[in-house]
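J.: This is the structure I have questions about; it appears just below.
The values are calculated or read from the model by the stated rules, or taken from the named source; none is laboratory data. Just so it is clear, the model here is predicted, and its values are computed rather than measured. As a convention, Cβ positions derive from the backbone with ideal geometry for all residues, glycine included, and neighbour counts pool all protein chains shown.
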Amino acid sequence: MQITIPPYPIDEDHAPLLLDITLAETSRAADIAEGDVILGAVDEQGRVDYFNDYYRAAPMPYDPTCGCGVCYLAANDEGPVVNLGNDNPWDTCDPHHADARLVIIRAAHLA
Ligand SMILES: [Zn+2]
């Protein structure tokens, strides 16, 4: 699937992006590493949905019984779920299907 990464929105719903959007790429959730910046998700039609805030991945084990209020939502998902951490503006875990595609900037691009 061809995925076009659109311009980052400049509006009051989205945190100002202090990073270069041209560095962004898509990645399987399972291939996201510590320190990668997560900007948004790609839906099944290949459209990018930017999150209201962006945050750095801090992958940790997925525990469907963790109690953060989000992990249980993924408990019945088919296939492996990865947890990209809870160091984000929402203070909850961030479970995604391992094959979900997210828009990220790799930590290696960020000095
Ligand atoms: Zn959790």
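J.: Looking at Leu23, is it modelled with pLDDT of 95 or more and surrounded by 16 or more Cβ atoms within 10 Å (Cβ to Cβ)?
T.: On the way: modelled with pLDDT of 95 or more: yes; surrounded by 16 or more Cβ atoms within 10 Å (Cβ to Cβ): no.
Answer is no for this residue.
J.: Could you please tell me which pairs satisfy a Cβ distance under 9 Å, a separation of 6+ or placement on different chains, a first residue in segment 86-111 that is closer than 17 Å to Ala30 by Cα, and a second residue that is among the aromatic types (Phe, Trp, Tyr) and within 12 Å of the ligand (Cβ to nearest atom)?
T.: Listed pairs, sorted by first residue: Cys93/Tyr62; Pro95/Tyr62.
J.: Then there's this: Given the residues Gly40, Gly35, which is the only one that is of a type outside the set (D, E, K, R), part of a strand (DSSP E or B) and surrounded by 12 or more Cβ atoms within 10 Å (Cβ to Cβ)?
T.: Working: Gly35 fails: part of a strand (DSSP E or B).
Just a single option satisfies the conditions, and that option is Gly40.
J.: Could I ask something else about it? Name the residue, out of Arg47, Arg56, that is touching a residue at least 12 places away in the same chain (Cβ under 8 Å) and basic (Lys, Arg).
T.: Exactly one residue qualifies, and that residue is Arg56.
J.: If you take the residues of segment 45-91 that are within 13 Å of the chain's Cα centre (by Cα) and hydroxyl-bearing (Ser, Thr, Tyr), which of them is nearest to Pro6 (Cα to Cα)?
T.: Once the filter is applied, the top-ranked residue is Tyr50.
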